[in-house]
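What follows is one structure encoded as structure tokens, with my remarks underneath.
Please treat every number below as a calculation from the coordinates, not as lab data. Given the structure is predicted, the values throughout are model-derived calculations rather than measurements. Heads up, the Cβs are rebuilt from the backbone with ideal geometry, glycines too, and the neighbour counts pull from every protein chain shown.
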Ligand code: G1P
Ligand code: ZN
């Protein structure tokens, strides 16, 4: 068999290839600089030291620059000795489907080309992340090693390959390299069939329950067509924006009440479907709504746990659950009722992976519209939608019926996130430092009419591998069940975003149906004044509230 022709390209290293909450994310134009993508991939490959003949999974959300980047990826991984590439047809794979494929095929890992919910197109964002053989994102020890490798790199090695055609499924051989182009949906669909009661769910749809799903021209369109349309019988007209487009058709593929306001409005009106939902660019986030009833992500995961015994894949019970620290504590209450542990982890899915891998948890979620379970090592948007459909069908109830029954039983966690876009990243960093230096002294003091029960900078001790993750967000817990959390986003590509997370617990049945904006307004003002947001940034109002 012909050997591959290798070429060595020498170039100076780039200093800015630190991965954030979910991989390396930059403006498309940054990735388009000569050698930028190549050196990053080389740094990953140098760090991983894959065994000769290794197998990798490759795919992405279809955003602008995916096609070019995939060709480069195939040539660099081939030069590093990889001999089997499993690639989604047209270069497409949703993030959870890629995670599943890595695990199923026992691959040595995978590269996912995505900037998740960030806008796409030539002026938008691009991203790349590496997932480990367990299907989960590389842990911090690996990403730090990749950063060090990227900073001392002298160049990269690339194999000469023809332009690879990814438009047809099947196996291609290029010298010693096998490239297997696979249907992006098939294996994922089978996984879903093992978890959910599709007969019952299809019956629920046949009984007249309408599902509306918006893919925002991201990756989930083909998945939704086959699973929601083909298997459950949802009407094609109710599956929106289902062709993946490089610029997401100009949409911002972020499933939240701001970008998904058309779904919020639909659900508020007379034509509300039984369930409306959306996913993001790479298919790992979800938003769930019912008639006049948006479901907050913190409530959603708590309600899933509460009803898990009704869903086939979860009937056997769950060993424990987890949520990211800023996520509302609604999940903790259900877990306490079931007598199972609820772990609190830093923001970012990778912190759940150790717990999932060790079998300590079976369900987990984040406030940022991310929910997932033991079935993959990434959060999973369409899975969450299917879980809700299964719950609705099994309970024979409506979304508002399920949500209000939940609040009556457990109390309601009013919740909002206020984001401040700060153009000057240095002033955002100063604000956080000032807050950190003051926070411990707040413990036990009076604040905004209440008393501070606990104030600290969250430090995570991973119970599985013993690793420490300090400085994961400043939190202030009040004695009346209120909480404020502050942290800086790790996924932005310019300036800084300060996220303040507000939570207020309400047990009184008379107070369960208030407007979250009104309930949380005083806490929002308190959060702004404690951190002196206006003094540091000039911003008097949050840029976005979700
Ligand atoms: C955001 C979310 C976080 C999520 C991540 C990747 O990160 O807050 O929960 O895991 O995107 O989807 P952040 O920008 O806050 O660092
Ligand atoms: Zn995503």
Compactness ratio of the stretch 78-207: Cα Rg over 2.2 N^0.38 Å, N = residue count? 1.28
Rank by packing, highest mean first: peptides 49-60, 391-402, 449-460, with packing defined as the count of other Cβ atoms within 10 Å averaged across residues. 49-60, 391-402, 449-460
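Could you tell me what % of all Cα pairs in the stretch 154-257 have separations over 22 Å? Can you show the working numbers first?
Values: 2746 of 5356 pairs.
Value for the stretch 154-257: 51 percent of Cα pairs lie more than 22 Å apart.
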Can you give the angle from 0 to 90° between the axis of helix 66-79 and the longest principal axis of the chain, with both taken from C-alpha atoms, to the nearest 10? 60 degrees
Honestly the stretch 281-378 on the Cα gyration tensor test (a ≥ b ≥ c root eigenvalues; a/c under 1.5 rounded, otherwise a/b vs b/c for prolate or oblate) is just rounded
To check my understanding: the extent here is largest minus smallest coordinate of the Cα atoms along each principal axis. What are those three numbers for the stretch 322-406, in Å, largest first? 36, 26, 23
Hey, what angle do you get for helix 140-151 against the long axis of the chain, alpha-carbon based, 0 to 90 degrees rounded to 10? 50 degrees
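For the stretch 85-146, what does the convex hull of the Cα positions come to per residue, in cubic angstrom? Don't jump to the answer; show the numbers that get you there.
Numbers: hull volume 6.5 nm³, N = 62.
Per residue, the Cα convex hull of the stretch 85-146 comes to 106 Å³.
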Could the peptides 164-174, 346-356, 144-154 be put in order, highest first, of the mean number of other beta-carbon atoms found within 10 Å of their residues? 346-356, 144-154, 164-174
If I model a spin label at residue 144 and residue 468 as a point 7 Å from the Cα along the Cα→Cβ vector, what separation in nanometres do I get? 1.1 nm
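Sort 65-71, 427-433 by the packing proxy (mean of other Cβ within 10 Å over each peptide's residues), most packed first.
On the way: 65-71: 19.9, 427-433: 16.7.
Highest to lowest by the protection proxy: 65-71, 427-433.
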Output the 0 to 90 degree angle, nearest 10, between the alpha-carbon long axis of helix 95-104 and the longest principal axis computed from the alpha carbons of the chain. 60 degrees
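Answer rounded, prolate or oblate for the stretch 397-447, using the Cα gyration tensor with square roots of eigenvalues a ≥ b ≥ c: rounded when a/c is under 1.5, else prolate when a/b is larger than b/c, else oblate.
Working: a/c = 6.29, a/b = 1.92, b/c = 3.28.
Taking the square roots of the gyration eigenvalues as a ≥ b ≥ c, the stretch 397-447 is oblate.
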What is the Cα radius of gyration of the stretch 360-411 over 2.2 N^0.38 Å, N being its residue count? 1.26
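Dividing the convex hull volume of the Cα atoms of the stretch 196-257 by its residue count, what figure in Å³ per residue is obtained? Could the numbers behind the result be given before it?
Numbers: hull volume 5.6 nm³, N = 62.
Spelled out: Cα convex hull of the stretch 196-257, divided by residues, is 90 Å³.
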Efficiency by 1/(1 + (r/R0)^6): what FRET value for residue 178 and residue 207, r their Cβ-Cβ distance, R0 = 51 Å, to the nearest 0.05? 0.60
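How big is the Kirkwood radius of the stretch 219-317, worked out from every pair of different alpha carbons and given in Å to one decimal?
Numbers: mean 1/r = 0.0678 Å⁻¹.
Kirkwood radius, the stretch 219-317: 14.7 Å.
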Compactness of the chain, expressed as Rg and Dmax over alpha-carbon positions, Å: 23.1, 76
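Can you give the calculated 222 nm mean residue ellipticity of the chain, where each DSSP H run of n ≥ 4 adds -39,500 (n - 2.57) and the sum is split over every residue, rounded to the nearest 500 deg cm²/dmol? Working shown, then result.
On the way: 17 runs with 178 residues, N = 546.
Helix contribution divided over all residues of the chain: -9500 deg cm²/dmol.
Output the antiparallel fraction of DSSP beta bridges having both residues in the stretch 35-137, as a percent to the nearest 5. Intermediate values should be presented prior to the final figure.
Numbers: 5 of 14 bridges.
For the stretch 35-137, the DSSP antiparallel bridge percentage is about 35.
Would you work out if the stretch 1-98 is rounded, prolate or oblate? Take a ≥ b ≥ c from the square roots of the eigenvalues of the alpha-carbon gyration tensor; rounded if a/c is under 1.5, else prolate when a/b is larger than b/c, oblate otherwise. Mind showing how you got there, number by number?
Details: a/c = 1.56, a/b = 1.09, b/c = 1.42.
Oblate, because a/c is 1.5 or more while a/b does not exceed b/c.
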Could you give the spread of the C-alpha atoms of the stretch 1-56 along their three principal axes, from largest to smallest, in whole angstroms? 40, 24, 18
